[in-house]
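The values are calculated or read from the model by the stated rules, or taken from the named source; none is laboratory data. Small disclaimer: the values here were computed from a predicted structure and weren't measured. Backbone-built Cβ (ideal geometry, glycine too); neighbour counts: all protein chains shown.
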């Protein structure tokens, strides 16, 4: 009986290094192919336009975001894409700004590494020079060339991307703006 137990123990020890190597190789494979994700989701808290009249050129569209303390990942990029509206709104990408705080209480400016429009989705990708840390509240201001010609609701989808290799975007929700024709007083 002791011989059998000893034989089984030796046999197990002979294969243990190989199992460890296989386990380590599998672990490395998953760790190198794993996408970057947030543990706790950032939130789209509010959206606001400075002017809601149609055809106004001075408007800025603000998107307020919060990154929770327990998000674990830092925010590297935000993508904002128009989802609905009577016409496509064009933006002056060079006038895009970001700040700590919200649109009512803008604090320190946040440096942007890049602002570009994705040709396939028409989304505007705002990439931060330094990742936004958990526990932060920020606002992004987009400057349209002008507000749309047609009144109604215009919807923008907001997606957040964490830092890291091959990040997975997390859709935060929709920002809704209503533009109205101030010249239409309801009298025909």
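What's the number of the condition residue 108 fails, among (1) at pLDDT below 95; (2) touching a strand residue (DSSP E or B) at 6+ places or on another chain (Cβ under 7 Å); (3) surrounded by 13 or more Cβ atoms within 10 Å (Cβ to Cβ)?
Tallying (1) at pLDDT below 95; (2) touching a strand residue (DSSP E or B) at 6+ places or on another chain (Cβ under 7 Å); (3) surrounded by 13 or more Cβ atoms within 10 Å (Cβ to Cβ), residue 108 fails exactly one: (3).
Name the residue that is nearest to residue 153 (Cα to Cα), counting only residues in segment 175-188 that are at pLDDT 70 or above and either assigned to a loop (DSSP other than H, G, I, E, B) or in contact with a helix residue (DSSP H, G or I) (Cβ under 8 Å, 6 or more places away or on another chain) (or both).
Residues of segment 175-188 that are at pLDDT 70 or above, as a first pass: 175-183.
Now drop any that are not either assigned to a loop (DSSP other than H, G, I, E, B) or in contact with a helix residue (DSSP H, G or I) (Cβ under 8 Å, 6 or more places away or on another chain) (or both), which leaves 181-183.
Details: 181: 12, 182: 15, 183: 18 Å.
Only one residue tops the list, namely 181.
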